[in-house]
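Asks: Quick one: structure below, then a few questions.
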Amino acid sequence: MEIYLVRHTTPNIDKGICYGQSDIGITDSFQTEVEKIHNQIPISEISKIYCSPLQRCKLLAKTFKKEVVFDNRLKELNFGDWELQPWDALPQKELQPWMDDFVNVQVPNGESYVELQQRILSFFSSLDLSLTEKNIIVSHAGPLRALLSHIRQIDLKDSFNIKIGYGEVIKL
């Protein structure tokens, strides 16, 4: 199976806001970003698209005009109580333990990065990689980094060295 990992386009939210699983929209640059993405993928050869159900992914997935399978395991990290809060306004007593060990420490009423990785690996292991078809996975930076760190055998704590920009396409 050939897989194209695609991060959603630029979200419509101010910088410095923690937005994880919040269902926010996209910016006016959407169409320009979509064109760049489409130019990197042989869309006519794509069999299926797997996608996070959040609208910033869903809107992109629909532009391929193929069957889309929405899967909650492809959502971004659940930031729980921190969703839609400015990073610099988060209580230091909550933030510091997470900053010290973001891999294992669970966000208040959210999840840890290890839990996110377990989620994305559960999704990935459900795919039949022996098939010859070509598919697209539209998701977020967190799940894509967690998946790539597993595939490339990189420690989760070092996965933020894997840079994945908005609208980036990675071919597996």
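The values are calculated or read from the model by the stated rules, or taken from the named source; none is laboratory data. Keep in mind that what you see is a predicted model, and the values were worked out from it rather than measured. As a convention, Cβ positions derive from the backbone with ideal geometry for all residues, glycine included, and neighbour counts pool all protein chains shown.
Asks: Where the second residue is among the hydrophobic types (A, V, I, L, M, F, W, C) and at pLDDT below 95 and the first is within 13 Å of Pro42 (Cα to Cα) and lies in region 1-13, which pairs have Cβ atoms under 6 Å and are six or more apart or on separate chains?
Replies: Ile3/Leu172
Asks: Please enumerate the residues belonging to region 66-103 that are more than 15 Å from Pro53 (Cα to Cα), of a type outside the set (Phe, Trp, Tyr) and in a loop (DSSP other than H, G, I, E, B). Walk me through it before giving the result.
Replies: Step one: of region 66-103, the residues more than 15 Å from Pro53 (Cα to Cα) are 66, 79-103.
Of the ones still in play, those that are also of a type outside the set (Phe, Trp, Tyr) are 66, 80-81, 83-86, 88-97, 99-101, 103.
Passing the criteria: Lys66, Glu83, Leu84, Leu90, Pro91, Asp101, Val103.
Asks: Within the group Thr63, Thr32, which residue is surrounded by 14 or more Cβ atoms within 10 Å (Cβ to Cβ) and at pLDDT 95 or above?
Replies: Working: Thr32 fails: surrounded by 14 or more Cβ atoms within 10 Å (Cβ to Cβ).
Of Thr63, Thr32, the one residue that is surrounded by 14 or more Cβ atoms within 10 Å (Cβ to Cβ) and at pLDDT 95 or above is Thr63.
Asks: Could I ask something else about it? Could you tell me which residue of region 58-84 is farthest from Val114 (Cα to Cα), considering only residues that are among the acidic types (Asp, Glu) and under 13 Å from the mean Cα position of the chain (by Cα)? Lay out the reasoning, then the answer.
Replies: Let us first name the residues in region 58-84 that are among the acidic types (Asp, Glu), namely 67, 71, 76, 81, 83.
Then drop every residue that is not under 13 Å from the mean Cα position of the chain (by Cα), which leaves 71, 76.
Details: Asp71: 18, Glu76: 13 Å.
Here the answer is Asp71.
Asks: From the list Gln40, Gln21, exactly one residue is in contact (Cβ under 8 Å) with a residue 12 or more places away in the chain, out of contact with any Ser or Thr (no Cβ under 6 Å at 6 or more places or on another chain) and closer than 19 Å to Ile120 by Cβ. Which is it? Give the derivation first.
Replies: On the way: Gln40 fails: closer than 19 Å to Ile120 by Cβ.
Result: Gln21 is the single residue among Gln40, Gln21 that is in contact (Cβ under 8 Å) with a residue 12 or more places away in the chain, out of contact with any Ser or Thr (no Cβ under 6 Å at 6 or more places or on another chain) and closer than 19 Å to Ile120 by Cβ.
Asks: With the requirement that a residue be of a type outside the set (Gly, Ala, Ser) and under 24 Å from Gly80 (Cβ atoms), what does region 125-151 give you?
Replies: Kept after step one, since they are of a type outside the set (Gly, Ala, Ser), are these residues of region 125-151: 127-129, 131-138, 140, 143-145, 147-148, 150-151.
Val138, His140, Pro143, Leu144, Arg145, Leu147, His150, listed by residue number.
Asks: Any residue in region 131-141 that is of a type outside the set (Gly, Ala, Ser), in a helix (DSSP H, G or I), closer than 17 Å to Arg7 by Cβ and touching an Asp or Glu at 6+ places or on another chain (Cβ under 8 Å)? Please lay out each step first, then the result.
Replies: Keep residues of region 131-141 that are of a type outside the set (Gly, Ala, Ser), which gives 131-138, 140.
Filter once more, keeping what is in a helix (DSSP H, G or I): none.
For region 131-141, residues of a type outside the set (Gly, Ala, Ser), in a helix (DSSP H, G or I), closer than 17 Å to Arg7 by Cβ and touching an Asp or Glu at 6+ places or on another chain (Cβ under 8 Å): absent.
Asks: Taking the condition of being over 16 Å from the mean Cα position of the chain (by Cα) and touching a residue at least 24 places away in the same chain (Cβ under 8 Å), how many residues in region 111-134 meet it?
Replies: Going through region 111-134, the residues over 16 Å from the mean Cα position of the chain (by Cα) turn out to be 125-134.
Next cut, touching a residue at least 24 places away in the same chain (Cβ under 8 Å) only: 127-134.
Of the residues in that region, 8 qualify.
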